[in-house]
Amino acid sequence: MALSESFDTNQQLWTSALEQLRNRLSLENFETWLAPVECTAIERESITLRIPNRFFQDWISAHYLELILEALGNELPSGVSKPTQVRWEIDEELKERTQATRMASSPAPAPSKPPPTPEPTTYNLKPKYSFNRFIVGPSNQLAYAASVAAASAPGHRYNPLFLYGGVGLGKTHLMNAMGQEVLLANPAARVLYLSAERFTNEFIWALQNHRINEFRERYRRNCDVLLMDDIQFLAGREQTQEEFFHTFNALYHQDKQIAVTSDVYPQQIPEMQERLVSRFHSGMVADIQSPELDTRIAILKKKAEAEEIDLPSDVATFIAQTVKVNVRELEGTLLRIAVKAELLSRPIDLELAQSTLQPLNRTPERAMSVDEVQQAVCGYFGLKVSDLRSKRRSRNVSFPRMVAMYLCRERLGASYPCLGESFGKDHTTVINAVRKIGSQLEERDERVVEVVDAIERKLGL
Ligand code: ADP
Ligand code: MG
């Protein structure tokens, strides 16, 4: 049953709701996504929004749905049931029409910010990430060999090339090296290196600004080698996946080289279209693992040489024995020690390295179990272990659960499927949780840092 049959009343309610929303969004987002929308019906359970195209539906659903329903609910008199769903009505002329009306009715429209112009596509390649500077060991040999092969015969055997592995293990380095190698052999080659995030942003921008033809021209026609970093960013982004799928096909059919990186195996990327996953599998898939001790030592020595740091062998070995998982952290540690030496005007030696690394030295004395981590997390938050394994999704349970998943994965090295089982969840849920906490830590989110640190100390990690 309709709460209001009248288009005018609906529009009035909608206009008041928009006023609330205007204050909650940036000007640019408001003008782009909500200003062009009309509300054509308000019913007991749902409202109908008229939008210019499908993309509005996806975008609004993903970002503004709750806000919209809440704002509209606030406008409805108490006692009237609040709609909880949205129906969509596509009207392609809508955008022009609302813009024209607004221009006509408001003599001095607020100047809207010029759209962010995407930077001109440059190669964006970092010279220091070359094949020469990449240390090869058993952990990355396959990925390295495949990258070299793809770069020396682009579009042939290793197409597409899919590299996957954890953070800081050299994926971006190899992508850059490929791009440079191709250009070395053929300076006229059109090499595009970019992250999936940037691809997404440019795509959205192009859609909003009617520049989609140029966008497609750039990625489907004017490109000989496409190097797309961190494809997992497309997880759940339906429309961008669709665009990438067509980009992929267009390039592939012209025998252009495509290389993609991800932090997990193709199938494990959550919410990724099956047809894209199967495209990724159609070429070469290579993983990168954490490097072995000898490789870590070699990486440190190479880095020291590049940065002109005088690094004694015993110190290199000590650092490599202490920092195990991540090459970025390994390099960061070396630089910290070098800075400290410089500040103290003393040479780098074992003692200095040990004192710098003391707080980092977190190797547990004995193997720890998932159970112990779960118990420690529950102790900290005052929960029962059964809560962590339950289906409850409220934040006071889901956050501790994510922290526990993160610690089990990062500190115990437990596998995703095994953790899925221990927490009674799908492995993709675990992947998402680990990634989320990981990025919050990387952004130094204070609360998360504090919680993780406190629990780690409790566990003696
Ligand atoms: P990812 O993209 O996998 O997160 P990066 O490619 O950004 O990792 O690597 C992180 C840092 O570690 C970079 O400075 C990179 O040069 C360095 N690195 C990683 N693997 C190697 C390696 N095998 N040899 C030399 N440097 C490496
Ligand atoms: Mg990277």
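The values are calculated or read from the model by the stated rules, or taken from the named source; none is laboratory data. This structure is a prediction, so every number in the text was calculated from the model and none was measured. So basically every Cβ, Gly included, is an ideal-geometry build from the backbone, and we count neighbours across all protein chains shown. Note: areas computed on protein heavy atoms with side chains; ligands, DNA, RNA excluded. Shrake-Rupley method; radii C 1.70, N 1.55, O 1.52, S 1.80 Å.
Extension gain, TRP88 to ASP426: 0.36 nm times the residue separation minus the Cα-Cα distance gives 118.5 nm. Protein heavy-atom accessible surface, 1.4 Å probe, per residue over the chain: 51 Å². Structural size metrics of the range 293-359, computed from C-alpha coordinates, are Rg and Dmax of 10.5, 30 Å. For the range 370-459, taking the reciprocal of the average inverse distance between every pair of different Cα atoms yields a Kirkwood hydrodynamic radius of 12.7 Å.
Computed from label points 7 Å out along Cα-Cβ, the spacing between ASP371 and GLU197 is 4.0 nm.
For ALA149 and ARG346, what is the calculated FRET efficiency with R₀ set at 41 Å and r taken between the beta-carbons, to the nearest 0.05?
Details: r = 46 Å, r/R0 = 1.12.
Given R0 = 41 Å and the Cβ-Cβ separation, E is 0.35.
Compared with the alpha-carbon gap, the fully stretched path from GLU70 to GLU329 is longer by 88.8 nm at 0.36 nm per residue.
Per residue, how big is the convex hull around the C-alpha atoms of the range 293-452? Give it to me in cubic angstrom, could you? List each step's numbers first, then the result.
Working: hull volume 21.4 nm³, N = 160.
Per-residue hull volume (Cα only) is 134 Å³.
Each Cα pair under 8 Å and six or more residues apart adds its separation to the average, and for the range 293-359 the resulting relative contact order is 35 percent.
Based on Cα contacts under 8 Å between residues 6+ apart, the range 3-100 shows a relative contact order of 34 percent.
From largest to smallest, what semi-axes in whole angstrom does the chain give when each is the square root of 5 times an eigenvalue of its alpha carbon gyration tensor?
Numbers: eigenvalues 411, 200, 87 Å².
Ellipsoid half-lengths, sorted descending, are 45, 32, 21 Å.
Working from Cα pairs under 8 Å separated by at least six residues, relative contact order for the chain is 11 percent.
So what is the 222 nm mean residue ellipticity for the chain from helices alone, if each DSSP H run of at least 4 adds -39500 (n - 2.57) and you divide by all residues, rounding to the nearest 500 deg cm²/dmol? Display every interim value, and only then the final one.
Values: 20 runs with 241 residues, N = 461.
It lands at -16000 deg cm²/dmol.
Each Lys or Arg adds one and each Asp or Glu takes one away; over the other residues whose Cβ falls under 13 Å from the Cβ of LYS301, this sums to -3. Other residues whose C-beta falls under 15 angstrom from the C-beta of ILE348 contribute a net charge of -4, scoring Lys and Arg +1 and Asp and Glu -1.
Here's the picture: a label point sits 7 Å out from the Cα of ALA454 along the beta-carbon direction, and within the range 367-388 the residues with their amide nitrogen under 18 Å of it are 373-385, 388. Taken as Cα centroids, the range 18-89 and the range 176-209 sit 36 Å apart, rounded to the nearest whole angstrom. In this entry, the range 122-288 is assigned a mean projected area of 8.8 nm², taken as a quarter of its C-alpha convex hull surface. Distance between the modelled labels on GLU307 and GLN20, one decimal in nanometres: 5.3 nm (7 Å Cα→Cβ projection).
For the range 3-100, report the translational diffusion coefficient in µm²/s to the nearest whole number, using Stokes-Einstein at 4 °C, 1.567 mPa s, and a Kirkwood Rh over Cα pairs. Before the final figure, lay out each step's value.
On the way: Rh = 13.4 Å.
So the translational diffusion coefficient is about 97 µm²/s.
With the simple model of a label 7 Å out from the Cα in the direction of the Cβ, ARG447 to ASN396 spans 1.3 nm.
Proximity of backbone amide H atoms, modeled 1.01 Å from N, is registered between CYS39 and ARG50 at under 5 Å, excluding neighbours fewer than 5 places apart on the same chain. Summing Lys and Arg as +1 and Asp and Glu as -1 over all other residues whose Cβ lies under 10 Å from the Cβ of GLY155 gives a net charge of 0.
Taking 2.2 N^0.38 Å as the expected size of a compact globular protein, what ratio does the Cα radius of gyration of the range 227-366 give against it, to two decimals?
Details: Rg = 20.9 Å, N = 140, 2.2 N^0.38 = 14.4 Å.
With N residues counted in the range 227-366, Rg over 2.2 N^0.38 Å equals 1.46.
Taking every DSSP beta bridge with both residues inside the range 20-101, roughly what % is antiparallel (nearest 5)? Spell out each step's value before the answer.
Working: 4 of 10 bridges.
Among the beta bridges of the range 20-101, antiparallel pairing accounts for roughly 40 percent.
Applying 1/(1 + (r/R0)^6) with r as the Cβ-Cβ distance of LEU184 and GLN273 and R0 = 25 angstrom yields a FRET efficiency of 0.10.
A 32 angstrom limit on the alpha carbon distance is what I want to check against. Which of LYS324/LYS436; LYS256/LYS425; LYS171/LYS425; LYS126/LYS256 exceed it? Write down the numbers at each step before the final one.
Values: LYS324/LYS436 22 Å; LYS256/LYS425 40 Å; LYS171/LYS425 29 Å; LYS126/LYS256 22 Å.
Table pairs above 32 Å Cα-Cα are LYS256/LYS425.
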